[in-house]
Amino acid sequence: MELEEFDEVYQGRHIRGWAVKEGENPRSEAFVDDDPLHVMRNGDGTFTTSVNHYESFDTLRAATRRAVETLGDLRPELPPTHHGH
């Protein structure tokens, strides 16, 4: 089980997150100023976010930092929830 965890101020924004890969069940979570940042783990183990969907990063921290750079003063938005019928 590998674990990445961070809690810091980056470019004036409070970022925190964690990532764990336990067998075939990788999980991760990231926040910018307590707003959730949608994170995806790629098949090769890299990360991408809804803010920088076409960029991959080796660590969750790097992906979260890049999201902050892209967002500027904006807040991250979660993707819309789809309700099936």
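The values are calculated or read from the model by the stated rules, or taken from the named source; none is laboratory data. Given the structure is predicted, the values throughout are model-derived calculations rather than measurements. Positions of Cβ are generated from backbone atoms using ideal geometry, with glycine treated the same way; all protein chains shown enter the neighbour counts. Heads up: the accessible areas ignore ligands, DNA and RNA and are worked out on the full protein's heavy atoms, side chains in. Shrake-Rupley method; radii C 1.70, N 1.55, O 1.52, S 1.80 Å.
Tabulated data for the structure shown
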{"read-out": "Residue in region 23-36 that is part of a loop (DSSP other than H, G, I, E, B), within 15 Å of residue 69 (Cβ to Cβ), within 13 Å of the chain's Cα centre (by Cα) and at pLDDT below 95 present", "value": "no"}
{"read-out": "Scan of region 15-49 for residues that are open to solvent by 60 Å² or more (accessible area, probe 1.4 Å) and of a type in the set (Asp, Glu), ordered by number", "value": "22, 24, 29, 33, 34, 44"}
{"read-out": "Residue list for region 15-56, filter: within 18 Å of residue 76 (Cα to Cα) and among the β-branched types (Val, Ile, Thr)", "value": "15, 32, 39, 48, 49, 51"}
{"read-out": "Flag for residue 20 being of a type in the set (Val, Ile, Thr) and in a strand (DSSP E or B)", "value": "yes"}
{"read-out": "Residue tally, condition open to solvent by 80 Å² or more (accessible area, probe 1.4 Å), free of Cβ contacts under 8 Å to residues at least 40 places away in the same chain and closer than 17 Å to residue 72 by Cα, over region 1-14", "value": "1"}
{"read-out": "Breaking point among (1) modelled with pLDDT of 90 or more; (2) under 21 Å from residue 18 (Cβ atoms), for residue 43", "value": "(1)"}
{"read-out": "Leading residue by the ranking (farthest from residue 2 (Cα to Cα)) among those in region 50-74 that are among the polar types (S, T, N, Q) and free of Cβ contacts under 8 Å to residues at least 24 places away in the same chain", "value": "70"}
